1. Under a point spin-label approximation (7 Å from Cα along Cα-to-Cβ), what is the Q14-N278 distance to one decimal in nm?
2. How much of the accessible area of the stretch 72-116, probe 1.4 Å, is carbon plus sulfur, in whole percent?
3. If I compute solvent accessible area with a 1.4 Å probe over the protein chains, what percent of it on the stretch 336-389 is carbon and sulfur?
4. Anything over 25 Å Cα to Cα? Flag those among K409/K466; K79/K210; K79/K219; K183/K409; K79/K229, in the order listed.
5. How much length would be gained if the chain were fully extended between R184 and Q393, taking 0.36 nm per residue of separation minus their Cα-Cα distance, in nm to one decimal?
6. Please work out the average accessible area per residue across the stretch 14-161, using the 1.4 Å probe convention, and give it in Å².
7. When ligands, DNA and RNA are left out and all protein chains stay put, how many square angstrom of accessible area per residue does the stretch 412-478 have with a 1.4 Å probe?
8. Around F202, with a cut-off of 13 angstrom between Cβ atoms, what is the net charge of the other residues, counting Lys and Arg +1 and Asp and Glu -1?
Amino acid sequence: MSNKTKKGPKLPAQQLAILAIARFAEPLALTSVFPYLPEMIASFGVEKNEVARWAGFTGAVFSIAQSCTAVAWGRASDKFGRKPVILIGLASTMACFLLWGMSTSLPMAITIRAVMGGGNGNVGIIRTMVAEMVPEKELQPKAFSLMPLVWSIGSVFGPAFGGFFARPAEQYPDLFGNIDYFKRYPFALPNLMACCVFFVSFMTGLLFLKETLQSKRHKRDWGLVLGEKLTRPFQRPKAHARRRRLSFVDDEASAPLLADSSMSSSEQLAAHDEPITNREIFTYQTSINLLSYTFLALHSVAYDQVLPVFLNYPRVAPDETNSHLPFKFTGGFGLSSDKIGTIYTVYGIACGIVQFFLFPTLCARFGVLNCFRTATLIFPLIYLLTPYTALIQDTTARYAVFLTMMLVKGFVVIIGFPCTTILLTNSASSLRVLGTLNGFATTFSGLGRAIGPAAAGAVFSWGIRKGYAIAPWWLLATIALAGAVVPWFIEEGPGPGCAASSRNISREEEEGEEGDGDGEHAALLGGSSSSSSSSCFSSSDSDSDSDGGAGSKKQKKGSRYGTL
């Protein structure tokens, strides 16, 4: 046990990987829409100048429906467990995407998008599961960067699916030209491929994902039972002889994910049964973090929604009749869906590299809050400069400048979203409110995702008619500038598990004085006092110096990781 304590807590790699597989299908499916959405809306008979408005409205309907049901899904996950709600969301989105690819009219497409948004609350619930799996603050940058990394990977394959496999009968007549189904539904193929990935994610979650909700964690899971039976022939014989843990931690974790030993089972159940009040959820810091998260979702997602329309809009050569620089000009890049898909693929690869190699290092060196504040200051500059890339006449220079700006935007997005997630999680008053809090986070960010694309799309259409291509981008820059003020009121919280740890720290130290044997037994059940509180109290050495026993030594070892 002492060796494991010296090495410190580790990420629960197996369960995070399974959760990542469950998460992977959604960014893949959602980003696959971006390259062909303008062409799809135009195929419904919408005029070219109105495509941006309806594209924004389609994205807004999804986000509005998601925001209306996010709190309900969060409360359902608090009551019935995280795993069943995630599986329902995957199944619902898979069915809706299959129907989305066969949309034949604008009302049908909008209705399906609304049902799709309302039937999936997985974004907030997955964040909650990550927080419950990894309460140690020193591990949170890596843990919370995993899901955005999965989003980046999905963003590589998603636009590729959408761009390269939309209109297959036209793009690949030798393969699909004689298939009537793809002639009737030209945008169905990328959605069929995404549904296959959804099915794999659903089955992986059903068979191998373990529940993290405290009140449901130890109940029998028939999906896990079936998964164990299916994988038993491939397991090593010695695996059956290993000591059985009462925690849900996989074998790769050297420390418990949650400090279960700080409360008795009856105390945990009683605390869980108490109703969660709004005062407990909406503290000053959680409210500020929710506002900051809403601003970020509003302008960032709006940019991603309007950008494909801007890239698809025909090029306009600036002259005296249509341009009065620096403010009045119009035109886009005139790209088809396959080229837009290629651009988004490069964008996704770059974001994945940044997420994997740079994000944890930057957070460890400069701190989560400082990284987030810096990122929010860069967004307005990117939005202000984006429309001017269409004025560059040299093709190579135009693409080079545009891709550079897009990659910088991707870099600050990769920094921004994980950081705001970490800050919001650590501002929670307790672990039991995380599901509901993340439900509200999805609701408020959903409102931002609805208002942003709808407003930017409408302003884009107005700007094109009036000759002001800068209109939507400068609107987003103004919103981003306002959003950059909010983070300066944020303070980094100690984490949702620290309140319980502080209430029980004295009892844990007393138990530690009884001897090493009892301490090791407590570690097997749910963690020693060091592992349960080291991530919350960096100065616990001063409180434990007077103990003089084994508990004091363990506390010192644990506090080392809390000061990282």
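The values are calculated or read from the model by the stated rules, or taken from the named source; none is laboratory data. Just so it is clear, the structure is predicted and the values come from calculations on it, not from any experiment. Neighbour counts run over all protein chains shown; Cβ positions are idealised from the backbone, glycine included. Areas reflect the complete protein model, heavy atoms only, side chains present, ligands, DNA and RNA absent. Shrake-Rupley method; radii C 1.70, N 1.55, O 1.52, S 1.80 Å.
1. The two pseudo-label positions are separated by 4.3 nm.
2. Of all accessible area on the stretch 72-116, carbon and sulfur atoms account for 80 percent.
3. Values: 1760 of 2330 Å².
After summing per-atom areas, the C and S share lands at 76 percent.
4. Too far apart for the 25 Å limit: K409/K466; K183/K409; K79/K229.
5. On the way: separation 209, 0.36 × 209 = 75.24 nm, distance 3.82 nm.
Roughly 71.4 nm would be gained on extension.
6. 30 Å²
7. Working: 1640 Å² over 67 residues.
I get 24 Å² per residue for this part.
8. On the way: positive: R23, K83; negative: E26.
Net local charge, F202 excluded: +1.
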